[in-house]
Amino acid sequence: MQTIEAELATIVAFNEGPTCDADGNLFFTETRTHKIMKLTPDGVLSVFRENSNAANGLVFDSEFRLIACEGNQANPRVTRTNMKSGRIEVLASREMGLTLTAPNDVTFDSKGRLYFTDLPGGTVHRIDPDTPQGHRVTRILAAPDIQRPNGIVISPDDKILYLVEANQSANGARMLRAYDLKPDGTVANMRVYVNFYPGRSSDGIAIDSEGNVYAAAGLNAPRGTSETLDTKPGIHVFNPQGQRINYVFINEDTVTNVCFGGPDLKTVYVTAGKSVFRFRVSVAGTRR
């Protein structure tokens, strides 16, 4: 197991949802003041968007349009921003007849389909690519089969969907679930990939080009929930078989999310509390 130390990249307030564009700029959400922030490769920090509608998880799709899970419970939605024109499209909302509470995290597959979680609503949805009739949104998972879905990512070969369960309640599911992802975008054959219980589960997850899952998990100190300190705080790396192959300690609460960036996708960015950390790895990541 390689020893890796994370360096501090910037300090803001309470950060979430990191994703990188083609130029290596890091975008992430500041959840207390409802902003989307931008950090350039040379360390210049700016506000990309004020009034983010409580945006949480972000991802750039294959065309480098910014997908945002907006968790304002008065207007929960998933949006897509054209970075050239600035145009914002609504991809999923209550106005489309959907039961949404607070979209949390999002990923995509090679067919251009988006998959997002609604943590308090206990659901996972798929957004199919654009059609002349508009965007089709389908719920693919719901209670009682899942409890509090958080991070989500799809393997590079489109065969596995990984889903975080982050239920802080006593006896709540705190694990990474794995599902077979079928060609039609539905899932089957759930199995427990990693179990964090009784410690704090993962929040966000990312995946590298070899199918290793990077999970932002653990606590440095109790936070008044049933979660214990059994899960060490930081980035836990698991191979496709669910075996831990690396770990990077993050000395800040709460470790929230993780993504790959840099020209070679070998820089890992971590949002944690008021800080953003980064470290280098030998295996290139994916943008999912």
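Nothing in this text is a laboratory measurement; each read-out follows from the coordinates by a stated rule. None of these values were measured; they are calculated from a predicted model. Using ideal geometry, Cβ is built from the backbone for each residue, glycine included, and neighbour counts are taken over all protein chains shown.
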Can you work out the PRE-style zone for S209? Point 7 Å along Cα to Cβ, and I want the residues of region 229-266 with backbone N under 13 Å. 261-266
What is region 8-93 by shape, rounded, prolate or oblate, if you read a ≥ b ≥ c off the alpha carbon gyration tensor as root eigenvalues and call it rounded for a/c under 1.5, prolate for a/b larger than b/c, and oblate otherwise? oblate
Taking Cα pairs closer than 8 Å and at least 6 residues apart, the relative contact order of the chain in percent is 17
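For the chain, compute Rg over Rh where Rg is the Cα radius of gyration and Rh is the Kirkwood radius from the inverse mean 1/r over Cα pairs.
Values: Rg = 17.2 Å, Rh = 18.5 Å.
Rg divided by Rh gives 0.93.
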Whole number please: convex hull volume per residue of the Cα set in region 224-288, in Å³? 114
Picking from L91, L229, L26, which is most flexible by a Gaussian network model of the chain using Cα springs under 10 Å? L229
Under a GNM of the chain (C-alpha, springs under 10 Å), which listed residue has the highest mean-square fluctuation: D61, D105, D184? D184
Step by step: find N for region 44-171, compute 2.2 N^0.38 Å, then divide the Cα radius of gyration by it. What's the final number? 1.04
Identify the residues of region 110-129 with backbone N under 12 Å of a label point that sits 7 angstrom from the Cα of T225 along the Cα-to-Cβ direction, or state none. 120
Under 16 Å Cα-Cα from K38, which lysines qualify once same-chain neighbours fewer than 8 residues away are excluded? K84, K274
Residue-count net charge about N56 - beta-carbon cut-off 14 Å; Lys, Arg +1, Asp, Glu -1: -1
Tell me which of N171, I140, V47 sits at the most positive position along the dipole axis of region 12-207, charges placed on C-beta atoms (Lys, Arg +1; Asp, Glu -1). N171
Highest-MSF residue in the chain out of I154, I245, I36 [GNM, Cα springs under 10 Å]: I245
Return the distance in nm (one decimal) between the two label points of a simple spin-label model at R32 and A188, each offset 7 Å from Cα along Cα→Cβ. 4.7
